[in-house]
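Down below is the structure, laid out as structure tokens.
The values are calculated or read from the model by the stated rules, or taken from the named source; none is laboratory data. Worth saying up front: this structure is predicted, and the values here are computed from it rather than measured. We place every Cβ from the backbone using ideal geometry, glycine too, and count neighbours over all the protein chains shown. Areas reflect the complete protein model, heavy atoms only, side chains present, ligands, DNA and RNA absent. Shrake-Rupley method; radii C 1.70, N 1.55, O 1.52, S 1.80 Å.
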Amino acid sequence: MSGKDYTQLFKNYFQEHEQEILSDLAEIIAIESIADEQAEVKPFGEGSARALRWGHDFMERLGMSVKNFDNYAVRGDFYSEGEPVLGILAHLDTVPVSSGWSFPPFELTEKDGVLYGRGTIDDKGPAVAALWAAKAVRELDIPVKNFRIILGGDEENGCKDMEYYEKCEAFPQKVFTPDGSFPVLNCEKGMVHLTFSAPFYDEKLSSIKGGMALNAIPDLCKVVPKAADSYMLYRGKSSHGSRPENGDNAVTKFLSEYNGDNKALNALKKLFPHGEYDGKSAGLGFEDKVSGRMTCALTVLEADSDRISGGIDIRFPIDRSYAEISGIITKALKEAGFTIETCEGMEPHYVDENSDFVQTLLGVYERVKGEKGYCIAEGGITYVHSIKGGVAFGAEFPREENNMHGDDEHITLETFRYNLNMYANAIAEVAKAD
């Protein structure tokens, strides 16, 4: 790694401004930016639009050259001239909140060195860290070429924001997102998101409702019997859909205890046993040496007196294809009597760990963290999944559990401080002036 070492200079700057930074984080956490394509305000609802306005105003105050892309995304260039040599891509939308929070989800709460609130780790906290990294570079007069920060409003619902953005403006050749894990996440599994349905009638059950989003392990499943005034509530633990082993699936917990004769429920019970995370019972269960074992989770299940429907989240290894994996799971469901309503996904994403860009980021990690950097593979789909050469650089560290997409989402103050220093040093190194 070459270039001047600004590590201590940045560290001192962020210590001096920490309360201002946390105040900005509190502002964006308070905006309920759950993207909603059905909302009156287009394209993703008032919350998403307000969050993008917040990012726009921050970058404008910083003196960046700012542009709003019809409320799909906003971007700021550090200088008004010159092609950006680096892009930092973060999102300001979040997943919905469920009922198990111990803290107000749309307030920033600091307790025992931990920052709680929806978006603190995914992806508002990292976005604030990137914005303040740019602010530090500006105010400390670090010599850099032009770079760009891009903020989107629809990452959690399929990245239509970036599809639109790319039609308007090309990404820089080097792009990282603070939407994954340190040291450098250069390998992302492929994804299948599928919904299904079937006719439903059960003599004993009136309705079933479990799960809120395809990419989140459900923490509650409510089952209402026909002949009772009360209902049964199955409780689990929420987690990101790509990490089902970190949660406890309330839907499959219900199915594991179901002892009736309904054909659809018994089929799902067989295909998705409680505690199985790799889809082996549905004909999957693949793994490879680079990306590891795949995951498969039944994340949504709803039924009323006429119809049952559900949703599945699958993350598959880089040596497999979307066509193969989607073919296997749709075949298994059709043979069990279900109709496939929707099926979409992404191929795996991989960037050579020996590229100059990846090696530079690993060098930044080693300088800031003081330990050996390495590349990792994940099941989560980061914001650069469809961007050629893009990698994830943070925002969490391996083996951290930040309840991403779950109740009491959080980031430790220590990790947040590392985010600030990582991104400032990455800008200084990747975009350094000749």
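With Rh defined as the Kirkwood radius, the inverse of the mean 1/r over Cα pairs, the Rg/Rh of the stretch 331-422 is 1.10.
How many percent of DSSP beta bridges within the chain run antiparallel, rounded to 5? Write down the numbers at each step before the final one.
On the way: 62 of 78 bridges.
The antiparallel proportion sits near 80 percent.
Residues Y79, Y234, Y322 ordered from highest to lowest accessible area at a 1.4 Å probe: Y79, Y322, Y234. With R₀ fixed at 41 Å, the C-beta to C-beta distance from D434 to S321 puts the FRET efficiency at about 0.45.
Lysines near K263 by alpha-carbon distance under 20 Å, same-chain residues fewer than 8 away left out - which ones? Result set, ordered by chain and number: K204, K209, K222, K226, K253, K331, K334.
With an 8 Å Cα cut-off and a minimum separation of 6 or more residues, compute the relative contact order for the stretch 39-191 in percent. Present the calculation step by step, with values, prior to reporting the outcome.
Numbers: 233 pairs, mean separation 49.9, N = 153.
RCO, the stretch 39-191: 33 percent.
Of the options [x] 22.2, 76; [y] 21.7, 69; [z] 27.2, 90, only one is Rg and Dmax of the Cα atoms in Å as computed from these coordinates, and that is [x]. Using alpha carbons only, the radius of gyration of the stretch 48-202 set against its Kirkwood radius gives Rg/Rh = 1.03.
Length gain on complete extension for the stretch E287 to K111, per 0.36 nm per residue less the alpha carbon to alpha carbon distance? Mind showing how you got there, number by number?
Values: separation 176, 0.36 × 176 = 63.36 nm, distance 3.92 nm.
My answer for the length gained is 59.4 nm.
With a probe of 1.4 Å, find how much accessible area the chain has per residue, and write the answer as a whole number in Å².
Numbers: 17970 Å² over 434 residues.
Accessible area per residue, the chain: 41 Å².
Longer than 30 Å from Cα to Cα, which of K160/K189; K124/K388; K111/K160; K174/K289; K388/K432 are they? Say none if no pair is.
Working: K160/K189 20 Å; K124/K388 24 Å; K111/K160 36 Å; K174/K289 27 Å; K388/K432 22 Å.
Result: K111/K160 exceed 30 Å.
Quick note on the stretch 43-125: its Rg to Rh ratio, both from C-alpha atoms and Rh being the Kirkwood radius, is 1.05.
For K263 and D304, compute 0.36 nm times the residue count separating them, minus their Cα-Cα distance, and round to one decimal in nm. Numbers along the way, then the final one.
Details: separation 41, 0.36 × 41 = 14.76 nm, distance 1.48 nm.
Gain on stretching K263 to D304: 13.3 nm.
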